[in-house]
Amino acid sequence: MLRLLVSVIFVGLSCFSVASQATINVAVASNFKVSAQDIADQFSHEYNIDVNISSASTGTLYQQILHGAPFDLFLSADQKHVDLLLQANKVGDNQPFVYAQGRLGFWMPSAETNPSIEDFIAYTGRLAIANPKFAPYGVAAQQALTSVGKWEDLQYIQGSNISQTYQFVESNNVKAGLVAYAALVQKKQQHYLLIPTKWHQPIIQAGVVLGTAQAEQANLFRDYLQSKPIQQLIHSQGYN
Amino acid sequence: MFSEGDLQAIWLTLKLASVTTILLMLFAPPLAWWLARSQAKIRPLVESLVALPLILPPTVLGFYLLIAFSPNHFLGRWWLSFNEHSLAFSFSGLVIASVVYSLPFVVQPLQSAFVHLDKRYLEVSATLGYGKYERLYKIIFPMLLPSFIIAGALGFAHTIGEFGVVLMIGGNIPGETQVLSIQLFDHVESLQYSEAHQLSFMLLAFSVSWLVLIYGFLQKRQQRILNA
Amino acid sequence: MLKFDIQKSFTHKQTGQTSELHFKAQVNLSGVCAIFGDSGAGKTTLLRCLVGLEPCTGAIQFSNKTWLSTDSKQLLPTEKRRIGVVFQEPRLFPHLNVQQNLQLAVNKAGHTGFSIEQLADKLGFSELLSHQTTQLSGGQKQRVAIARALLTDPQLLVMDEPLSSLDQGSKQLLLPFIKAISQQIPILYITHSEQELFYLSRHMLLVNDGKIEASGEPQQLFLNSDLSLIKFAHQGLILNVSVKGYDQSEGLIKGCLELQTLYVSAESQPDSEQIQVKINSRDVIVALQPIVGSSLLNCLSVTVEEVHMDAQKAVILTLQLGEQYMYAYITLRSFNKLQLAVGSHVYAHVKTMSIVN
């Protein structure tokens, strides 16, 4: 009886999924989630392929993929984790690609105007950054602060990812932070300074197709992501 | 074996758990007593609130605490009126969060002990001349000592294992908010697996022996007393 | 002097019916005052109200102190009333050993007329002082509980059927002890054992159906056929006998009951001049002439004082001998055959009897 029931449910479910369109599962670093969702909606509309977005920190997604999570495409917030997957032979013959380059913003909501570079260099007290040990924006923040000789001078409130860092500043629990420029654009925030790119290694957000059965559809989405109009869209959302 | 950062995190975690446990042991017993004895209409509501951290994702608690700690809100403003920094990302903030988060783990064993406490022992205590409060701390407290230890030990252990809330409001400041579970998370996220293994194994060993102490020894002892 | 007039109402959870208890009495406190009555009559509730463990309304006065007065909104909490309480079950603290249990009372009361060692010695638990209470037998526990109550330096000792679940050995040790203690501290003593009642007390409160039905000397109350006690009494009455001698070889006490001789079997010489014996009304044989040539030892000359017929067509005769009374339970057929009536002079032969003390 139970076996019958299970098979009925199973058959029912497979009919259901057969009836729907093709679907790809995309793992997205949390800082790119909102943009990715936007782009995926347009893509589904044009290509009639469903896109499921799963977002978490790059490190977490990397762990999941390493242990066999069923993603077809990985959009990391850095280059490193993509390379690690490459070394672990988890991506087949697929080559990594760059889909966006992040920018850091020094955000101080309580400032009267947009802070200047001098203001940033003169800043004292606590500063929110992403964890420089593993978060790409955190690594860049440390580099930027080191390059202006401030790294040793401040106390850091570390978010485990750049979204959390944003949240720390947004809730006023800390006065200022180095956050993702994209988040500032998306939330239409004021009073920030765009950190010059020469102060840190580029925050390259790379992706890779994961060589699953849906590789063909995943490749379509990759190409779509790199197409000119979409790249312009990404640019307008606070990426280079 | 452990790096300096790890040792600092271990020490900080023990400090956090100790302070939290001491605070909880001060006000959880009266609360548990009230929950065990009161007929008041609001008792189920209070009981639910106390139990809330059992089912609520720690991130929810962390999120609300972050908001409450901010200068935009009363608690945060009040705190900032005599402190330089926000409650968030501070040891005190973690203590507040841990007290809330570990509250049910301390209240529930006590409440259960108080419910099972035979009222007749209170009557005898009164006839021996012990007043309303005196009989509690001179007689009932020693009698239910195993339950008090269990409650404290569970609160302590739960604080040691606390992660989600600290992640939300800690800010990962070494020596201030960078506790063991966060340190462990850092190790995993930055792919330092052998360090992660060391800390994980230590936590696992601690938890197992702690629980064996609680359930294998203390709880049996208490049951023996309560069933006598 | 203990004076009380208290009310308490109960609502039964299942039936929703309310029942009202109303206790009113005035007791001169010396020796043991027994509280006697059927189970469910409200004895324990009365005691708990007096001790302050059960909320009630009304007034309680002890000596010149007010324990409770609803009118003037006074309430002295239990711990201030200085009552030593022995409950039906020992209620020793399970986490402490015997010594520690007793120490708890001493710590609070300070110096009392008793010491732990002295009481342990008298009550025979000296060797148990270091034992866990869980290792003790029921009798041992209750002895410790009695010691504990005495160590609180009480001005009144209250005992709720303290011996009801104990073995004969413990009872025999504790009854004389309680009686002796009552010379120093007045005792309120709940019992439904007539034996304990007659042995211990010169005064009793009869509790029936949530009220104090009567108060007075036990013997007087047992003879009063207007009281609910009569159904106990009809089973047999207790008589006071003075001891004239004891025959070791035959194991017999020669006693004097209202100028007549009465022989009572006993294992040893009684230690007091007065003994109390209970004569079961079914063990009394009534004859118009003394029976000769039988094994019966005791033949008492008595007068029929009252005749009472019960529902089972049996007759209960109240027989008077001097100042005291006994009952005889005979069939209606015998009653008719002997043509008995109030005032008849008969001979009561007693088969067996038991010494109460």
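The values are calculated or read from the model by the stated rules, or taken from the named source; none is laboratory data. These figures come from a predicted structure and were not determined experimentally. Note that each Cβ is placed from the backbone with ideal geometry, even for glycine, and that neighbours are counted across all protein chains shown.
Would the range C:32-39 turn up any residue that is touching a His at 6+ places or on another chain (Cβ under 6 Å) and either surrounded by 13 or more Cβ atoms within 10 Å (Cβ to Cβ) or at pLDDT 95 or above (or both)? Checked the range C:32-39: at least one residue is touching a His at 6+ places or on another chain (Cβ under 6 Å) and either surrounded by 13 or more Cβ atoms within 10 Å (Cβ to Cβ) or at pLDDT 95 or above (or both).
Of the strands (runs of 3 or more DSSP E) that lie entirely inside the range C:202-266, those containing 1 or more residues that are closer than 15 Å to C:Gln276 by Cβ span C:236-247, C:252-257, C:260-265. For the range B:156-184, the tally of residues that are out of contact with any Ser or Thr (no Cβ under 6 Å at 6 or more places or on another chain), away from every other protein chain (no Cβ under 11 Å), assigned to a helix (DSSP H, G or I) and closer than 19 Å to B:Thr21 by Cα stands at 3.
Can you find a residue in the range B:51-71 that is modelled with pLDDT under 90, more than 12 Å from chain A (Cβ to nearest Cβ) and closer than 18 Å to A:Gly125 by Cα? No; the residues of the range B:51-71 include none that is modelled with pLDDT under 90, more than 12 Å from chain A (Cβ to nearest Cβ) and closer than 18 Å to A:Gly125 by Cα. C:Lys80 fulfils the conditions (1) more than 30 Å from C:Asp38 (Cα to Cα); (2) charged (D, E, K, R); (3) buried (at least 21 other Cβ atoms within 10 Å of the Cβ) except for a single criterion, (3). Here C:Ile190, C:Ile230, C:Ile212, C:Ile238 are screened, and the one residue that is of a type in the set (A, V, I, L, M), in contact (Cβ under 8 Å) with a residue 12 or more places away in the chain and over 29 Å from C:Gln155 (Cα atoms) is C:Ile238.
When every residue of the range B:73-83 is checked against the conditions, none turns out to be within 14 Å of chain A (Cβ to nearest Cβ), buried (at least 17 other Cβ atoms within 10 Å of the Cβ), within 21 Å of the chain's Cα centre (by Cα) and not aliphatic (A, V, I, L, M). The single residue among B:Gly152, B:Gly216 that is surrounded by fewer than 23 Cβ atoms within 10 Å (Cβ to Cβ) and modelled with pLDDT of 95 or more turns out to be B:Gly152. Note on the range C:76-103: residues that are in contact (Cβ under 8 Å) with a residue 12 or more places away in the chain, within 14 Å of chain B (Cβ to nearest Cβ) and not in a loop (DSSP other than H, G, I, E, B) total 10.
If you check C:Leu300, C:Leu317 for being in contact (Cβ under 8 Å) with a residue 24 or more places away in the chain, farther than 18 Å from C:Asn240 by Cα and surrounded by 11 or more Cβ atoms within 10 Å (Cβ to Cβ), only one passes: C:Leu317. The single residue among B:Ser98, B:Ser90, B:Ser102 that is of a type in the set (S, T, N, Q), buried (at least 19 other Cβ atoms within 10 Å of the Cβ) and within 11 Å of chain A (Cβ to nearest Cβ) turns out to be B:Ser90. Summed over the range B:108-139, the residues that are more than 7 Å from every other protein chain (Cβ to nearest Cβ), basic (Lys, Arg) and in a helix (DSSP H, G or I) give a count of 3. Tell me, please, whether a residue that is closer than 15 Å to A:Ala180 by Cα, of a type in the set (Val, Ile, Thr) and modelled with pLDDT of 95 or more can be found in the range A:111-134. Looking for residues that are closer than 15 Å to A:Ala180 by Cα, of a type in the set (Val, Ile, Thr) and modelled with pLDDT of 95 or more, one finds at least one in the range A:111-134, hence yes. Evaluating A:Gln87 against the criteria (1) out of contact with any Phe, Trp or Tyr (no Cβ under 7 Å at 6 or more places or on another chain); (2) surrounded by 15 or more Cβ atoms within 10 Å (Cβ to Cβ) leaves one unmet condition, (2). Being within 12 Å of A:Thr165 (Cβ to Cβ) and part of a loop (DSSP other than H, G, I, E, B) is the filter here; which residues of the range A:116-131 pass it? Across the range A:116-131, the qualifying residue is only A:Asn131. Looking across the range A:125-143 at every residue that is of a type outside the set (Gly, Ala, Ser) and away from chain B (no Cβ under 12 Å), the one that is surrounded by the fewest Cβ atoms within 10 Å (Cβ to Cβ) is identified as A:Gln143.
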